[in-house]
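Student: One structure is given below, represented as structure tokens, and several questions about it will come after.
The values are calculated or read from the model by the stated rules, or taken from the named source; none is laboratory data. Everything numeric here is computed off the predicted structure, so don't read it as measured data. Note that we place each Cβ from the backbone using ideal geometry, even for glycine, and neighbour counts take in every protein chain shown. Note: accessible area is taken over every heavy atom of the protein model, side chains too, but ligands, DNA and RNA are not part of it. Shrake-Rupley method; radii C 1.70, N 1.55, O 1.52, S 1.80 Å.
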Amino acid sequence: MIEECLVAEFRIDGDDCPLARVTSRVPVTVDANAPQLRADGNVLLYFSSPPDERLPAALDEEADIRYLHVTRNDDAYTYRCLSKHPCVVHELVDVGFLVESMQYSDGGATMRGAVVGNDVLRGVMEKAGQTVGIRLQRVYPLRADEESAIGRVWNLTSAQEESLHVAYEMGYFELPRSITADDVAAELDISKSAFLERLRRAQQSLFGTLFG
């Protein structure tokens, strides 16, 4: 049994994938799940961004993007689409890199994931060195408090994750409940309705992943 699991973070610059292209034109940060490469070479993309109508407009102009679907709410826009342009991240996935998260901004991407064992790490590093535009930013052992996050995709936006974390830390989910939605909303510096909306959408994503 291999006990050592490492966390690696890479930076990708110069990739010509659609998300890199649109973030070079639109000043917005995109949080993306690991792209899913289909057998036909097309890629399924699922990602989110702060509300900004310029991003869906820019994506609509991309010839490589098909079947774009946008879900709009107050704290984030969520996107699902098919891309005809594979991302260079698949070069690392093929040699054992387990992508946890990717973030696009300014035409580049930062990706974070797990590598199981030093032999796999060497293979990933060799492939990264052969692939133009990919460089290692850091690598470190997986800590116990991170283990639940690696490889688990909950489809939460950063705002939804923050709301759940703050609500949990404040005791919102305890029985009997000692605080109110107003208390959590005040801590987050948002309205009560915005907090409850985030909470409902986060629960929908979590339950969809668990029971879907």
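Student: In this structure, does Arg66 turn out to be charged (D, E, K, R), in contact with a Gly (Cβ under 9 Å, 6 or more places away or on another chain) and surrounded by fewer than 18 Cβ atoms within 10 Å (Cβ to Cβ)?
Tutor: no
Student: Among the residues that make up the stretch 178-197, is at least one of them out of contact with any Lys or Arg (no Cβ under 7 Å at 6 or more places or on another chain), surrounded by fewer than 11 Cβ atoms within 10 Å (Cβ to Cβ), at pLDDT 80 or above and more than 16 Å from Thr71 (Cβ to Cβ)?
Tutor: Yes: the stretch 178-197 contains one or more residues that are out of contact with any Lys or Arg (no Cβ under 7 Å at 6 or more places or on another chain), surrounded by fewer than 11 Cβ atoms within 10 Å (Cβ to Cβ), at pLDDT 80 or above and more than 16 Å from Thr71 (Cβ to Cβ).
Student: Can you tell me which residue is modelled with the highest pLDDT among those in the stretch 154-172 that are open to solvent by 40 Å² or more (accessible area, probe 1.4 Å) and out of contact with any strand residue (DSSP E or B) (no Cβ under 8 Å at 6 or more places or on another chain)?
Tutor: That would be Met170.
Student: Another question about this same structure. Which one is least open to solvent (accessible area, probe 1.4 Å) among residues in the stretch 33-43 that are touching a residue at least 40 places away in the same chain (Cβ under 8 Å) and in a strand (DSSP E or B)?
Tutor: Here the residue is Val43.
Student: Right, something else. Does Arg25 fit the bill of being at pLDDT 90 or above, of a type in the set (D, E, K, R), over 16 Å from the mean Cα position of the chain (by Cα) and more than 24 Å from Met125 (Cβ to Cβ)?
Tutor: yes
Student: Might you let me know whether the stretch 44-56 holds any residue that is over 21 Å from Met111 (Cα atoms) and either assigned to a strand (DSSP E or B) or open to solvent by less than 40 Å² (accessible area, probe 1.4 Å) (or both)?
Tutor: Within the stretch 44-56 (the criterion being over 21 Å from Met111 (Cα atoms) and either assigned to a strand (DSSP E or B) or open to solvent by less than 40 Å² (accessible area, probe 1.4 Å) (or both)), the answer is yes, since at least one residue qualifies.
Student: Checking Leu156 against (1) outside any loop (DSSP other than H, G, I, E, B); (2) closer than 23 Å to Gln103 by Cβ; (3) touching a residue at least 24 places away in the same chain (Cβ under 8 Å); (4) of a type in the set (A, V, I, L, M, F, W, C): exactly one of these is not met. Which one?
Tutor: Among (1) outside any loop (DSSP other than H, G, I, E, B); (2) closer than 23 Å to Gln103 by Cβ; (3) touching a residue at least 24 places away in the same chain (Cβ under 8 Å); (4) of a type in the set (A, V, I, L, M, F, W, C), the lone unmet condition for Leu156 is (1).
Student: Right, Ala63: over 27 Å from Val7 (Cα atoms), among the small types (Gly, Ala, Ser) and in contact with a helix residue (DSSP H, G or I) (Cβ under 7 Å, 6 or more places away or on another chain) or not?
Tutor: Judged against the criteria, Ala63 is not a match.
Student: Could you check the stretch 80-90 and list, in sequence order, the residues that are in a loop (DSSP other than H, G, I, E, B) and open to solvent by less than 40 Å² (accessible area, probe 1.4 Å)?
Tutor: Cys87, Val88
Student: Pick out the one residue from Val7, Val30 that is touching a strand residue (DSSP E or B) at 6+ places or on another chain (Cβ under 6 Å), in contact (Cβ under 8 Å) with a residue 24 or more places away in the chain and under 30 Å from Asp119 (Cβ atoms).
Tutor: Val7
A quick yes/no check of all residues on (1) crowded, with 16+ Cβ neighbours inside 10 Å; (2) over 15 Å from the mean Cα position of the chain (by Cα):
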| position | (1), (2) |
| --- | --- |
| Leu92 | yes, yes |
| Tyr104 | yes, no |
| Gly113 | yes, no |
| Val116 | yes, yes |
| Arg122 | no, yes |
| Arg135 | no, yes |
| Pro141 | no, yes |
